[in-house]
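Q: This is the structure, below, for whatever I ask next.
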Amino acid sequence: MTVPGSLSRDQMAWRVARDIPGGAAVNLGIGMPELVANHVAADQEIIFHCENGILGMGPMAAPGEEDFDLVTAGKKPVTVLPGAAYFDSALSFAMIRGGHIDTAVLGAFQISRTGDLANWSTGEPGVTPAVGGAMDLGVGARRVFILSTHTTRDGTPKIVEACTYPLTGTGIVSAVYTDLAVIDMTEDGPVVREMIEGLKIDALQALSGTRLALSPDCAVLSAPDL
Amino acid sequence: MTIDKRKPTATEAVAGVKDGSTVMISGFGEAGNPTELVHALVDQGAADLVVVNNNAGTGHLGLAKLLEAGRVRKVICSFPRSAKSVVFQELYKAGKTELEVVPQGTLAERIRAGGAGIGGFYTPTAAATPLAEGKETRTIDGRDYVLEYPIHADVALIKAEQADPWGNLTYNKAARNFAPAMCMAARLTIVQVREFVDLGGIDPEHVVTPSVFVDRIVEIPKPISEAAALLEESAP
């Protein structure tokens with residue numbers, strides 16, 4: 001179910017990166033959000049936080065230079081930049097819950113019109129429940145950006161009236177970055193800030209499970225070829 | 001008397017662990033796991049254990065080996081579902097191991113609280129979610145918080161980088177993760193380190209876990225890397 005002109009995963013990550021100001025402390029969730037690190041502007045000093053106890057995370061480790069005592073939340077070998085710090089898990093989550101992380105970029109199964117997030121479990125029987133740091137990041141980061149395709153692979157909307165999957169947190173999502181649009185979650189519900197070229201609000205609405213408002217300043221969502 | 005917590009072998013370090021113990025095991029994924037101590041515990045034979053770890057073991061080493069040996073009654077962790085967590089998945093699906101899933105920050109803070117003499121705390125994490133069901137929720141300054149209780153352990157198995165004879169510890173990079181809190185929360189804290197150093201060999205400014213939280217230490221100069229072992233296992 002591909003809409004013509006929809007953004008690639010890297011283009012989506014690039015778009016989120018544009019909304020992260022220099023100097024911010026940022027946590028990237030496992031999966032597509034990890035791509036955001038590749039797209040921050042070179043002249044922006046952004047401090048990447050890793051839940052397992054790293055502030056100042058750098059690029060992934062080159063093949064042959066992996067150190068398995070230095071891994072990401074997704075357990076991949078990584079590097080640190082000059083200025084980095086190591087700390088224990090209790091301090092790491094004090095940073096998160098205490099509001100010291102400016103932005104978390106997370107994936108989603110569902111986002112409700114009131115900013116509720118479901119991203120840790122589909123509640124499917126037979127699947128082992130696993131939450132990791134998702135709930136702490138959801139409530140603790142000052143802003144939560146969601147990076148996700150607009151619908152599931154079979155076209156089911158991810159932006160919905162109310163989440164039917166088990167919740168991660170309530171009223172925590174600031175903005176949603178999809179392959180089709182950038183949507184701000186406001187007190188009055190979701191407001192479309194950007195849409196890809198040629199897409200009409202009615203078509204976007206048809207791919208969403210709750211009423212979307214159109215910002216009077218709605219702009220074209222575009223990204224370089226990546 | 002002089003204090004010397006050094007033990008000659010992992011076997012001697014884990015001696016005396018009783019059936020039914022709650023055992024904290026440091027590590028995040030494959031980083032910071034006290035694999036040799038866990039293997040010594042497998043050989044020691046303690047059973048009916050409750051294990052506290054961030055994960056539920058990967059591959060067939062360390063915690064996965066302890067699970068595979070049928071010694072674990074219950075796992076308390078935040079993320080038991082990694083791709084290579086094959087042993088636990090089977091045990092859980094077969095109903096042979098209980099699971100308590102705790103958000104990672106709540107897990108770390110419950111362990112810290114256990115070691116710090118705190119009787120409980122209110123956290124915003126998990127409020128209004130299924131993981132808060134059956135727990136007291138209180139509104140403080142307009143925000144909902146969930147009451148969480150401390151976790152205490154009978155034994156903690158820890159990996160660190162250096163120890164002096166008193167048991168002052170340093171760690172290596174992100175292998176630190178849950179270890180400092182777990183050292184505090186157990187009645188018996190057993191640590192494997194890559195290197196013993198003399199008393200005074202660690203600058204007091206650089207001690208991460210102070211000696212009072214440590215009971216036994218053993219030197220394992222070349223510990224197994226569970227991650228490297230996993231890579232080898234999956235190599236064609």
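The values are calculated or read from the model by the stated rules, or taken from the named source; none is laboratory data. Only a predicted model underlies this, so the values are computations on that prediction, with no experimental measurement involved. Cβ sites come from the backbone with ideal geometry, for glycine too, and all protein chains shown count toward neighbours.
Q: Could you list, in sequence order, all residues of the range A:21-30 that are on the phi < 0 side of the Ramachandran plot, out of contact with any Gly (no Cβ under 8 Å at 6 or more places or on another chain) and surrounded by fewer than 22 Cβ atoms within 10 Å (Cβ to Cβ)?
A: Result: A:Pro21, A:Gly22, A:Ala24, A:Ala25.
A quick yes/no check of all residues on (1) more than 30 Å from B:Ala116 (Cα to Cα); (2) more than 17 Å from the chain's Cα centre (by Cα); (3) among the charged types (D, E, K, R):
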site: A:Pro4; (1), (2), (3): yes, yes, no
site: A:Met12; (1), (2), (3): yes, no, no
site: A:Ala25; (1), (2), (3): no, no, no
site: A:Glu51; (1), (2), (3): no, no, yes
site: A:Leu70; (1), (2), (3): no, yes, no
site: A:Val78; (1), (2), (3): yes, yes, no
site: A:Phe93; (1), (2), (3): no, yes, no
site: A:Ser112; (1), (2), (3): yes, no, no
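Q: Just name the residue that is farthest from A:Thr168 (Cα to Cα) out of those in the range B:110-146 that are of a type in the set (Phe, Trp, Tyr) and surrounded by fewer than 20 Cβ atoms within 10 Å (Cβ to Cβ).
A: B:Phe121
Q: For the range B:126-154, which positions are touching a Phe, Trp or Tyr at 6+ places or on another chain (Cβ under 6 Å) and more than 13 Å from every other protein chain (Cβ to nearest Cβ)?
A: B:Arg138, B:Leu147
Q: Which of the residues spanning the range A:73-88 are of a type outside the set (Val, Ile, Thr) and within 17 Å of A:Ala25 (Cα to Cα)?
A: Result: A:Ala73, A:Leu81, A:Pro82, A:Gly83, A:Ala84, A:Ala85, A:Tyr86, A:Phe87.
Q: Restricting the range B:52-68 to residues that are of a type in the set (A, V, I, L, M) and more than 14 Å from B:Leu37 (Cα to Cα), which is surrounded by the fewest Cβ atoms within 10 Å (Cβ to Cβ)?
A: B:Leu67
Q: Identify all residues within the range B:74-99 that are surrounded by fewer than 19 Cβ atoms within 10 Å (Cβ to Cβ) and under 16 Å from the mean Cα position of the chain (by Cα); write none if there are none.
A: Passing the criteria: B:Lys74, B:Leu99.
Q: Based on this model, can you work out whether B:Gln104 counts as of a type in the set (S, T, N, Q) and out of contact with any Asp or Glu (no Cβ under 7 Å at 6 or more places or on another chain)?
A: No, not satisfied.
Q: Same structure, new question: If you scan the range B:174-187, which residues turn out to be crowded, with 18+ Cβ neighbours inside 10 Å and without any contact (Cβ under 8 Å) to a residue 60 or more places away in the chain?
A: If the condition is that a residue be crowded, with 18+ Cβ neighbours inside 10 Å and without any contact (Cβ under 8 Å) to a residue 60 or more places away in the chain, then B:Pro180 is the only one that fits.
Q: Using the structure shown, decide if A:Asp67 is surrounded by fewer than 19 Cβ atoms within 10 Å (Cβ to Cβ), within 23 Å of B:Pro180 (Cα to Cα) and of a type in the set (Asp, Glu).
A: yes
Q: Next up: Scan the range A:84-133 residue by residue and report those that are within 11 Å of chain B (Cβ to nearest Cβ), of a type in the set (Ser, Thr, Tyr), in contact with a Phe, Trp or Tyr (Cβ under 6 Å, 6 or more places away or on another chain) and in contact (Cβ under 8 Å) with a residue 12 or more places away in the chain.
A: A:Ser89
Q: If you take the residues of the range B:33-48 that are over 9 Å from the mean Cα position of the chain (by Cα) and surrounded by 24 or more Cβ atoms within 10 Å (Cβ to Cβ), which of them is farthest from the other protein chains (Cβ to nearest Cβ)?
A: Looking at residues that are over 9 Å from the mean Cα position of the chain (by Cα) and surrounded by 24 or more Cβ atoms within 10 Å (Cβ to Cβ), I get B:Leu41.
Q: Of the residues that sit in the range B:112-147 and are touching a strand residue (DSSP E or B) at 6+ places or on another chain (Cβ under 6 Å) and of a type in the set (D, E, K, R), which one is nearest to A:Ala118 (Cα to Cα)?
A: Top of the filtered list is B:Asp144.
Q: Moving on to the next point. Would you point out which residue out of A:Val192, A:Val176, A:Val160 is buried (at least 19 other Cβ atoms within 10 Å of the Cβ) and either without any contact (Cβ under 8 Å) to a residue 24 or more places away in the chain or touching a His at 6+ places or on another chain (Cβ under 9 Å) (or both)?
A: A:Val176
Q: List, please: which pairs have Cβ atoms under 7 Å, are six or more places apart or on different chains, and start with a residue in the range B:60-73 that is on the phi > 0 side of the Ramachandran plot and modelled with pLDDT of 95 or more and end with one that is β-branched (Val, Ile, Thr) and part of a helix (DSSP H, G or I)?
A: Taking only residues 6 or more apart or on different chains, the pairs are B:Gly62/B:Thr35; B:Gly62/B:Val38.
Q: Looking at (1) within 15 Å of the chain's Cα centre (by Cα); (2) of a type outside the set (A, V, I, L, M, F, W, C); (3) within 14 Å of another protein chain (Cβ to nearest Cβ); (4) not in a helix (DSSP H, G or I), which one does B:Pro180 not meet, given that it meets all the others?
A: Tallying (1) within 15 Å of the chain's Cα centre (by Cα); (2) of a type outside the set (A, V, I, L, M, F, W, C); (3) within 14 Å of another protein chain (Cβ to nearest Cβ); (4) not in a helix (DSSP H, G or I), B:Pro180 fails exactly one: (4).
Q: For A:Ala41, are the conditions met, namely being within 18 Å of the chain's Cα centre (by Cα) and over 30 Å from B:Tyr145 (Cβ atoms)?
A: yes
Q: Name the residues in the range A:43-68 that are at pLDDT 95 or above, assigned to a loop (DSSP other than H, G, I, E, B) and within 10 Å of chain B (Cβ to nearest Cβ), would you?
A: The answer is A:Glu51, A:Asn52, A:Gly53.
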